[in-house]
1. Give the residues of the stretch 275-313 that are hydroxyl-bearing (Ser, Thr, Tyr) and free of Cβ contacts under 8 Å to residues at least 12 places away in the same chain, sorted by residue number.
2. Could you go through the stretch 473-484 and let me know if any residue there is aromatic (Phe, Trp, Tyr), part of a helix (DSSP H, G or I) and under 23 Å from Thr359 (Cα atoms).
3. Only one of these conditions is not met by Thr610: (1) surrounded by fewer than 17 Cβ atoms within 10 Å (Cβ to Cβ); (2) out of contact with any Leu (no Cβ under 8 Å at 6 or more places or on another chain). Which number is it?
4. Residue under question is Leu557, and the condition is that it be farther than 15 Å from Leu527 by Cα and out of contact with any Cys (no Cβ under 7 Å at 6 or more places or on another chain); does it hold?
5. Lys183: in the same structural domain as Thr255 (by TED's automatic domain parsing), in contact (Cβ under 8 Å) with a residue 24 or more places away in the chain and of a type in the set (Lys, Arg), yes or no?
6. Which is at pLDDT below 95, assigned by TED's automatic domain parsing to the domain that holds Ile458, surrounded by 19 or more Cβ atoms within 10 Å (Cβ to Cβ) and out of contact with any Gly (no Cβ under 7 Å at 6 or more places or on another chain), of Ser356, Ser415, Ser380?
7. Which of the numbered conditions does Lys643 fail, given that it passes all the others? Conditions: (1) touching a strand residue (DSSP E or B) at 6+ places or on another chain (Cβ under 9 Å); (2) in a helix (DSSP H, G or I); (3) surrounded by fewer than 19 Cβ atoms within 10 Å (Cβ to Cβ).
Amino acid sequence: MTKSEAQKRIAKLRLEIDKYRYSYHVLDKSLVSDAVLDSLKKELFDLEQEFPELVTPDSPTHRVGGSPLKSFRKVRHEVAMLSFNDAFSREDINDWIERLENYLKRKLTNIDFYCELKIDGLAIELVYANGFLVEASTRGDGLVGEDVTQNIRTIEAVPLKLQTTHYKLPTRFVVRGEVFLSKKEFERINKEQKKKGEKIYANPRNIAAGSIRQLDPQITASRRLDSFAYDIVTDVRQKIHSEEHEILHKLGFKTNPHNKLVHSLEEVFKFRDYWEKHREKIPYEIDGIVVQINDNKLFEELSVVGKAPRAAVAYKFAAKEATTIVKNIKVQVGRTGAITPVAELQPVSVGGITISHATLHNYDEIKRLGLKIGDTVVVSRAGDVIPKITMVLPKLRSGKEREFKMPGSCPVDGSKIVQDGVFHRCSNRACGARVMESIRHFVSRKAFDIRGLGDKIINRFLDEGLIGDAADIFTLEEGDIEILERFGEKSAQNLVREIKQKKEVDLPRFIYALGILHIGEETAALLARNLKFKISNLKLKISDFVEKFNQESIEELQRIQDVGPKVAESIHSWFKDPHNIALLKKLERVGVTITVPKAAAKSQKLAGKTFVLTGTLESMARDEAKEKIRAQGGDVSESVSKKTSYIVVGTDPGSKADKAEKLGVKILSEKEFIDLLS
């Protein structure tokens, strides 16, 4: 992305984020989920990291919350209430540490981290005078919050008087924490709302925020809010952050028992991964963990960037929603001939998996969403269902977006596309079945030999719009497969690994895989050996492969052993079909390469000789016999003709032996064949 493009994107992101944040923090109304807002903020943060000269003081990455409501008295915080920059992966955490080291100009070694569960609630500041609670306020914009003392007093987890037996505190003592609503209370309140015929709340955080801002403390008390304390603002000679939690606990504050002091980044990762898996077991909502350097002196040395401390970061769980860009919309033909539009996405992590495709089901769905190619969209994944595009963010458009139009003809065979209710179909009813059969042939044992890609899985991929031809197989990501029913992380990993390993295929297998009429395994091998391709380092470009076949006339092809008029015509026609050429170009784009092994013939004693095998050989498998023939310069054919040099007859031979006898082809027993090879 150029600086100019980044500047435009940043401006649009800031406007969109500000709109959502104002609604969320000031009006207590969520227009989008936290995950969507986090995703947009992360994109903005990354762009500002890449182009620091474009950072401005009013950037949303330097903001903390909304302005205080006028109905509450304003309270100025003596120390700014900061928020945290977000991290979503191990790579992000490693980048965070690298930024700290760059700022300090030294390596960070043997440092401890304090990990806290990041509760989805509302940050508060508590001020105590001579051990008594005198003021409670919200974060507000980080500098000025709202006085909600009367409401906070209704929360039993917040002590009204501190237990100062163990500590001699200064006259003014300032603490910070989180107010939240338990899952159980959330369900109870929504049940009551439903009975009254009133609105159902979207999440516990919204109720907590709304409750704290109630002008009537009795309403707040009825909500049964909870709270954890997590930070001491006042200097009481605390040297490490974990010590602050111990002090808070002894003073009578409720602290989170699951928070943990760890001694390495690997322990940070384990802590985060554990709670992502076990988050449902705790009675309140969490959306990640907070990781901060435990040493307070180092924390202070690292200071603040924007309105976030450098020495702490919010390490979020895998979001159930994220934003990404639709790079293209293509149509795929399912096994029943149904035409399914599929969005090709910039890869994005949703619910712990990285996806690059999302089915759009039908043309009506595209119109309902108002989706254009190039749009920024919200991708959602609830539970284990397949991710889908749920929203378009039109205000982030650059003007380069394009309308999608359903094509008039089928991308596979060129037949007319017809509408069938809300769906579109290829008018050729056999089209879908042919697509399935061609892919099945392509992955078969004698072709690309992609293990684990059987008929049922091919059909499922076709129906979901994940593949429309053989080349699409090589674009599949683990995340595209993992979310399908009866798949899992391990099976998806295994299949994608198998596919990647099979991107390189030898020339005879490649020719056979194309499914050209009349071209079997042996004819494919004959073509590979007899046509002179442009080889570089034992590799053949697909474009050079196409060029060679386009140069060959029907007459020239017939000069090859075992290639008659029908076979030559079939090859010639196949390479004149634009759909086939498009497939070959696509295979090259997705990284398929053709290998041409160096000739390994021990001798050329069988050069110019063509063999046909029939029946069962006792001393070797048929494939082994073929390899021995080719190793000595000979060719193997599938059918008997006047050009056949020998037919090798095993037990229970077929009709090929009778035909050979009629044509006068020399018949070899298995012993005679072995003698000929020796």
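1. If the condition is that a residue be hydroxyl-bearing (Ser, Thr, Tyr) and free of Cβ contacts under 8 Å to residues at least 12 places away in the same chain, then Ser303 is the only one that fits.
2. Step one: of the stretch 473-484, the residues aromatic (Phe, Trp, Tyr) are 474.
If we keep only those that are part of a helix (DSSP H, G or I) as well, we get 474.
Those left that are additionally under 23 Å from Thr359 (Cα atoms): 474.
Yes, the stretch 473-484 contains a residue that is aromatic (Phe, Trp, Tyr), part of a helix (DSSP H, G or I) and under 23 Å from Thr359 (Cα atoms).
3. (1)
4. Details: farther than 15 Å from Leu527 by Cα: no; out of contact with any Cys (no Cβ under 7 Å at 6 or more places or on another chain): yes.
Considered against the rule, which asks whether it is farther than 15 Å from Leu527 by Cα and out of contact with any Cys (no Cβ under 7 Å at 6 or more places or on another chain), Leu557 comes out as no.
5. Values: in the same structural domain as Thr255 (by TED's automatic domain parsing): yes; in contact (Cβ under 8 Å) with a residue 24 or more places away in the chain: yes; of a type in the set (Lys, Arg): yes.
Yes; evaluated as a whole, the condition is true for this residue.
6. Working: Ser356 fails: surrounded by 19 or more Cβ atoms within 10 Å (Cβ to Cβ); Ser415 fails: surrounded by 19 or more Cβ atoms within 10 Å (Cβ to Cβ).
On inspection, the qualifying residue turns out to be Ser380.
7. Here Lys643 meets the rest and fails (2).
Each row is one residue, and each column tells you yes or no for (1) of a type outside the set (D, E, K, R); (2) under 35 Å from the mean Cα position of the chain (by Cα); (3) at pLDDT below 95.
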| residue | (1), (2), (3) |
| --- | --- |
| Ser182 | yes, yes, yes |
| Arg188 | no, no, yes |
| Arg205 | no, yes, yes |
| Thr220 | yes, no, yes |
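The values are calculated or read from the model by the stated rules, or taken from the named source; none is laboratory data. Every value quoted in this text rests on a predicted model; they were computed, and no experiment measured them. Methodologically, a virtual Cβ is constructed for each residue, glycine included, from the backbone with ideal geometry; neighbour enumeration extends over all protein chains shown.
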